[in-house]
Amino acid sequence: MKPGHEHGGVDTAQAKVLLASFSAMVAETTTFPIDLIKTRLQLHGESLSSKRPTGAYRIGLAIVREQGVVGLYSGLSPAIIRHMFYTPIRIVGYEHLRSVVSADNGSFSVISKAAVGGTSGVIAQIIASPADLVKVRMQADGQRMKQGLQPRYSGPFDALNKIVGAEGFRGLWKGVFPNIQRAFLVNMGELGCYDHAKQFVIRSRIADDNVYAHTLASIMSGLAATSLSCPADVVKTRMMNQAAQKEGKVLYNSSYDCLVKTVKVEGIRALWKGFFPTWARLGPWQFVFWVTYEKFRKFAGLSSF
């Protein structure tokens, strides 16, 4: 039986959804502080007041000093909610599309894996975008507190209510286009590369289908996903963080406008701000997720991904 091919219909799909959700929650909780630091790095430079030099270590230390260790988990709840939708849809969606494409063509090339990975990521991101927006806004609130300002939101549901009240229901999908672009690139690199790298490691007899193969594949897919997605991630974070002013003015009119202004003001390297924290997060996140998910599948009597 090929990886990901089981009989059992709805029950099997439901099991995969539950296992993917729980595995994502474990991975998200484990690596969330790195994601928070990455978001702060990407927002650094938007304000003229943020001129002092900064780095991942200094930002992390500042958060702990000012807010305590709990501050490193600011925005965790919407992140968990997001992954309860985002991860199962993209993971189970990838497997479904993989079986369809494989059945039609008789093979599944690396290009097909990349395309299927990107497509499943786009679908998942459209559905999960409101939770992603709330997560980014709540993470950015920590920066406002650092400047002596009051946080905009008291919690995820308060953020949802205020965003809808101030920006309308469509405001929940602010930044959805850079979100989609990033989701396509991330999942093209993550899912396509993980699938291909794991099969390569196993076929080359570097390792069996075990934790070693999963670790090697997750490291390679993490690097590929980060390299492809970092520019879109910077644009997405800045677009989603901006709230409309009283006059209705915003800093960026579109994703392209954000891209141009970022490069013009901060240089081309600004598009890869947070690259190492992103990779430092994607690597451990994927390691924790894939090892946990593959183990859970084995315990549940399902084949390997």
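The values are calculated or read from the model by the stated rules, or taken from the named source; none is laboratory data. Small disclaimer: the values here were computed from a predicted structure and weren't measured. Note: ideal-geometry Cβ built from the backbone for every residue, glycine included; neighbour counts use all protein chains shown. Keep in mind that these areas ignore ligands, DNA and RNA; they rest on the heavy atoms of the full protein, side chains included. Shrake-Rupley method; radii C 1.70, N 1.55, O 1.52, S 1.80 Å.
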Residue in segment 147-171 that is farthest from L76 (Cα to Cα), counting only those that are among the basic types (K, R) and surrounded by 10 or more Cβ atoms within 10 Å (Cβ to Cβ): K162
Would you be able to say whether some residue in segment 281-296 is among the charged types (D, E, K, R), at pLDDT 80 or above and closer than 25 Å to D209 by Cβ? yes
Residues that are modelled with pLDDT under 80 and β-branched (V, I, T): which helices (runs of 4 or more DSSP H) entirely in segment 1-111 hold 1 or more of them? 9-43
Starting from segment 189-203, take each residue that is β-branched (V, I, T) and list its partners that are part of a helix (DSSP H, G or I) and open to solvent by 10 Å² or more (accessible area, probe 1.4 Å), counting only C-beta distances under 6 angstrom and pairs at least six apart or across chains. V201/L216
If you take the residues of segment 263-286 that are more than 18 Å from the chain's Cα centre (by Cα) and in contact (Cβ under 8 Å) with a residue 40 or more places away in the chain, which of them is least open to solvent (accessible area, probe 1.4 Å)? A270
Check A131, A114 and return the single one that is open to solvent by less than 60 Å² (accessible area, probe 1.4 Å), in contact with a helix residue (DSSP H, G or I) (Cβ under 7 Å, 6 or more places away or on another chain) and within 30 Å of R65 (Cβ to Cβ). A131
Using the structure shown, decide if Y212 is in a helix (DSSP H, G or I), of a type in the set (S, T, Y), surrounded by fewer than 21 Cβ atoms within 10 Å (Cβ to Cβ) and more than 23 Å from the chain's Cα centre (by Cα). yes
